[in-house]
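The values are calculated or read from the model by the stated rules, or taken from the named source; none is laboratory data. What you see is a predicted model; the values in this text were computed from it and never measured. With ideal geometry, Cβ positions are generated from the backbone for all residues, glycine too; neighbour counts draw on all protein chains shown. Heads up: the accessible areas ignore ligands, DNA and RNA and are worked out on the full protein's heavy atoms, side chains in. Shrake-Rupley method; radii C 1.70, N 1.55, O 1.52, S 1.80 Å.
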Amino acid sequence: MPHKSKGKILVSACLYGYCCKYDGGNNILKSPLFQVLKNTGRLVPVCPEELGGLSTPRIPSEIKDGKVYNKEGEDVTAFFEKGAQKALEIAKKEGVRVAILKQGSPSCGSKRICDGTFSGTKISGEGITARKLIENGIPVFDETEVHLAKVLADGDPHNHHH
Ligand code: SF4
């Protein structure tokens, strides 16, 4: 299994196909390249919000002033931080090199998040898990950047010693 020697990739479980979205749906990614990665066992699916102890379906949440609130105004930051920590632990245990996470999510977004007003308005920013991974040296890509993530994950780690 030569593919197994290449790097693993942490992925948002909703992109993988699990129904872990707040509304009980998924964001299954049907790109052929993603399918190849899936079929060769290189993807490690995680849903930080479920890992943090939130149920599915759940009340949607957004980030405001560095904290996370659900649509009913409850501070759910601790759930998101716990989920980020668990996702990082899984990433380390599995030895993943990169992550492909769902853009726009308060957990998984790497470039854009909602603005905290529950109006669908997006602003620049990072979700709690995406930031945690980046801070710990794991580059985060989104669902439009599978090829970039694969290039990095395929790289020979022995060429990256510093
Ligand atoms: Fe998908 Fe991430 Fe939201 Fe879970 S937390 S449903 S993996 S975007």
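In Å², and per residue, what accessible area does the chain have when probed at 1.4 Å with the other protein chains present?
Value returned for the chain: 52 Å² of accessible area per residue.
Of Pro57, Val68, Gly83, whose Cα points farthest to the positive end of the dipole of the range 50-93 (charges on the beta-carbon: +1 Lys, Arg; -1 Asp, Glu; origin at the Cα centre)? Working it through, the farthest residue towards the positive pole turns out to be Gly83.
Using the beta-carbon distance between Glu72 and Thr121 and R0 = 25 Å, what value does 1/(1 + (r/R0)^6) give for FRET efficiency, to the nearest 0.05? Result of the calculation: an efficiency of 0.85.
Please identify every one of the trypsin sites (Lys or Arg not before Pro) in the range 1-89 that sits in a loop by DSSP and has no more than 12 other beta carbons within 10 Å of its own beta carbon. Don't jump to the answer; show the numbers that get you there.
Numbers: sites: Lys4, Lys6, Lys8, Lys21, Lys30, Lys38, Arg42, Arg58, Lys64, Lys67, Lys71, Lys82, Lys86; in loops: Lys6, Lys8, Lys21, Lys30, Arg42, Arg58, Lys71.
Answer in residue order: Lys30, Lys71.
From helices alone, the chain scores -8500 deg cm²/dmol at 222 nm; the rule is -39500 (n - 2.57) for each run of n ≥ 4 DSSP H residues, then divide by the residue total. For the chain, the Cα-based Rg and Dmax, in that order, read 15.4, 49 Å. Judged by a Cβ-Cβ distance under 4.7 Å, the unpaired cysteines of the chain are Cys14, Cys19, Cys108, Cys114. Near the amide H of Val11, within less than 5 Å, lie the amide hydrogens of Val44, Val46, Ile100, all on another chain or at least 5 residues away, with H placed in the peptide plane.
Placing +1 on the Cβ of every Lys and Arg and -1 on the Cβ of every Asp and Glu, with nothing else charged, gives the range 40-162 a dipole about its Cα centre of roughly 140 debye.
Each Lys or Arg adds one and each Asp or Glu subtracts one; over the other residues with Cβ under 14 Å from the Cβ of Pro32, this totals +2. Using a probe radius of 1.4 angstrom, the carbon and sulfur fraction of the accessible surface of the range 28-157 is 54%. So the label point goes 7 Å from the Cα of His147 along Cα→C-beta, right? Which residues of the range 14-48 then have their backbone N under 14 Å from it? Hits in the range 14-48 for His147 at 14 Å: 31-34.
Positive end of the dipole of the range 1-160 (Cβ unit charges, origin at the Cα centre): among Gly127, Cys47, Val98, the Cα lying farthest that way belongs to Val98. Residues of the range 56-70 with an amide N closer than 17 Å to a point placed 7 Å from the Cα of Arg112 along the Cα-to-Cβ direction: 62-63. Multiplying the residue separation of Glu94 and Ile28 by 0.36 nm and subtracting their alpha-carbon distance yields 21.6 nm.
Taking every protein chain into account, the 1.4 Å probe leaves Asp65 with about 140 Å² of accessible area, to the nearest ten.
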